[in-house]
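Chemist: This is the structure, below, for whatever I ask next.
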Amino acid sequence: MPDETKSDQKPTQLEPPKDIEELLKELPKIDSLNPSSPSTDLTSPQRPIPPQRPTSPSSPQPSGVLGVLPPPRPQSPPPPKPLTLKPPSPLTPPSKPTLPPPRQAGPPPREDREDKFKSLVRTMDEDLEAARKGFKPEPKPFEIKPPPGGPRIGPPTPPLIPPSGARPVAPEIKLGPTERTKPLEIPKTLPPLPPLKRKFAISTRFLIIAILILAGFVGAWYFLTREPEEIVLPIPTPIQTPTPVPKTLSQLITLVNQITISSTENFLNALTSKKLREPTQAGFTSLNIIDENGKLYSLPEIFERLNIIPPTGILENLDIIELAIFAYGQQEMFDDKGLLIFANVLKTKLGLIARTTNPELLRNALNSWEITMTDDLKNLFNLSTAKATSQTFLDNIYGGTDIRYRNFPYADNSIDYAIVNLPRFNLNYFIITNSREGTYSAIDLLQNQ
């Protein structure tokens, strides 16, 4: 099919311009030579070309097995005419219509062009000369003038109309030459980053501090909000133990010697003589002193008959029923040189054991009696006051019991008294004898019951 838009004219070869003014003068010529340029065709609409399915000559066409005939092969259009590109022309219309200046027959002479360019060039010599004269150097304006006559717009290019009945074919796309690609480079593995120990340590420290603060708040809340628990103490069940019953003095001293002294006899002589005539045994023997009518003498009556006048508080704090006047067979004796000997013949000693109701008052009364106790008991205990080894009573301890004593001159002839405490019975007993051995034996008798 002949190309209606094909032109027999050959493109005119333009010489490269040598200056800017010459380039501006040549622009109208370029526009007139390419009337179908897309840059000047501003009014012609562009019709979209439908996409064409490329057909490969080597691909087989479907056969008419199913009764469908293959489409006719379209004829290839002639190759398009090569287009020459040109620089876009400025579209700045002149503010006022001006007539184009008459076109010269040829380019201006070279000397005029050089003078024009020299007038536009600013040199250092000119600036120095202006500075010497006192003027301020000013830049020279450089202005590009549009071509005379303004831009020209060529006629619109007629659209390409495909022939009737022919299927448009997309232009063949040719691939470039194959090139060997470079081998795939595997990136080198970077060394692992060092662990962030510092950050981890700091985070761990803050975590521990936060846990401790939280635990403190929880503990404070628990102790401040909780109600105190009632502590139920078990009530101890008292164990009923049998209360020990103390023995009486008659049970502790089983041997009894009854002595009868009439009211007309001398009580001291009769007691010492009858006591001496009666056989004595080792240990304690209770003496029951009665009158001629068989009546038992009481302790105040005995003290009165013996002319013993104790201070107030002695007889008042002694039990008048639970008491015993005893004779003790003593083995401990001392010779004239103060040597301890043990004779085969027992020496009889007298003594008194009585339960006390108030031991503190009794002790205070005994301290007062120490002043006259030696004179009151010297006849009963047969003591030689001139042989006393001390002016006052001395202290001694036996079996946890405090003893007050005074020797004449040794421990086998003395005055010993004590108050024995029996805590398991809650009882206290008063003891007074005329020997150290008799006092020790009486304490053992009471504590070992």
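Chemist: Relative to the Cα centre, what is the charge dipole magnitude of the range 249-447, using +1 at the beta carbon of each Lys and Arg, -1 at the beta carbon of each Asp and Glu, and rounding to the nearest 20 debye? List each step's numbers first, then the result.
Modeler: Numbers: 16 positive and 22 negative charges, 58 e Å.
Here the range 249-447 has a charge dipole of around 280 debye.
Chemist: About its Cα centre, how strong a charge dipole does the range 345-449 have in debye, to the nearest 20, once Lys and Arg get +1 and Asp and Glu get -1 at the Cβ?
Modeler: Details: 10 positive and 10 negative charges, 33 e Å.
Dipole size: approximately 160 debye.
Chemist: Using the Karplus curve 6.51 cos²θ - 1.76 cosθ + 1.60 with θ = phi - 60°, what ³J(HN,Hα) values do you get for each residue of the range 416-428, in whole Hz, with x for Gly and Pro?
Modeler: 10, 9, 7, 10, 8, 9, 10, x, 5, 9, 6, 10, 9
Chemist: Just add up the charged neighbours of SER298: K/R +1, D/E -1, any other residue whose Cβ is under 14 Å from the Cβ of SER298. Walk me through the intermediate numbers first.
Modeler: On the way: positive: LYS295, ARG305; negative: ASP291, GLU301, GLU304, GLU316, ASP319, GLU322.
Local charge sum for SER298: -4.
Chemist: Next question, about the same structure. Suppose each label sits 7 Å from its Cα in the direction of the beta carbon; what would the ASP335-TYR398 distance come out to in nanometres?
Modeler: Those two pseudo-labels are separated by 2.4 nm.
Chemist: Okay, moving on. Anything over 23 Å Cα to Cα? Flag those among LYS274/LYS347; LYS295/LYS349; LYS347/LYS387; LYS247/LYS347; LYS247/LYS378, in the order listed. Walk me through the intermediate numbers first.
Modeler: Numbers: LYS274/LYS347 15 Å; LYS295/LYS349 25 Å; LYS347/LYS387 19 Å; LYS247/LYS347 28 Å; LYS247/LYS378 32 Å.
Checking Cα-Cα distances, LYS295/LYS349; LYS247/LYS347; LYS247/LYS378 exceed 23 Å.
Chemist: For the range 303-371, which trypsin sites (Lys or Arg not before Pro) pass both filters: DSSP loop (anything but H, G, I, E, B) and at most 15 other C-beta atoms within 10 Å?
Modeler: Numbers: sites: ARG305, LYS337, LYS347, LYS349, ARG355, ARG363; in loops: LYS337.
Answer in residue order: LYS337.
Chemist: Would you pull out the residues with amide H under 5 Å of TYR297's amide H, same chain only if 5 or more places away, H placed 1.01 Å from N?
Modeler: Hits under the 5 Å cutoff: ILE289, ILE290, ASP291.
Chemist: Starting from the Cα gyration tensor of the range 249-447, take the square roots of the eigenvalues, sort them a ≥ b ≥ c, and report rounded, prolate or oblate (rounded when a/c is under 1.5, otherwise prolate if a/b is larger than b/c, else oblate). Intermediate values should be presented prior to the final figure.
Modeler: Details: a/c = 1.27, a/b = 1.05, b/c = 1.20.
Note, shape of the range 249-447 comes out rounded.
Chemist: Sticking with this one: Can you tell me the length gained on complete extension of the stretch ALA386 to ALA215, counting 0.36 nm per residue apart and subtracting the Cα distance?
Modeler: Length difference between fully extended and current span is 52.7 nm.
Chemist: Using a 10 Å cut-off around each Cβ, can you sort LEU249, LEU361 from fewest to most neighbouring Cβ atoms? Provide the component values of the computation, followed by the final result.
Modeler: Details: LEU249 21, LEU361 15.
Listed from fewest to most nearby Cβ atoms, that is LEU361, LEU249.
Chemist: Please report GLU437, GLU304 as a ranked list, fewest other C-beta atoms within 10 angstrom at the top and most at the bottom.
Modeler: Numbers: GLU437 20, GLU304 13.
Result, fewest neighbours first: GLU304, GLU437.
Chemist: Relative contact order for the range 249-447: what is it in percent, counting Cα pairs under 8 Å that are at least 6 residues apart? All intermediate terms of the calculation are to be shown ahead of the outcome.
Modeler: Numbers: 347 pairs, mean separation 34.7, N = 199.
Rounded, it is 17 percent for the range 249-447.
Chemist: Give me the one-decimal nm value for the distance between modelled label points at ILE208 and LEU268, 7 Å along each residue's Cα-to-Cβ direction.
Modeler: Label at ILE208, label at LEU268, 9.7 nm between them.
Chemist: Could you point to the residue in THR348, ILE302, ASN421 farthest towards the positive end of the range 249-447's charge dipole, with +1 and -1 charges on the Cβ of Lys/Arg and Asp/Glu respectively?
Modeler: The listed residue farthest towards the positive side: THR348.
Just so you know, all these numbers are worked out from the coordinates, no wet-lab data involved. On a predicted model such as this, the values are computed, not experimentally measured, just so you know. So basically every Cβ, Gly included, is an ideal-geometry build from the backbone, and we count neighbours across all protein chains shown.
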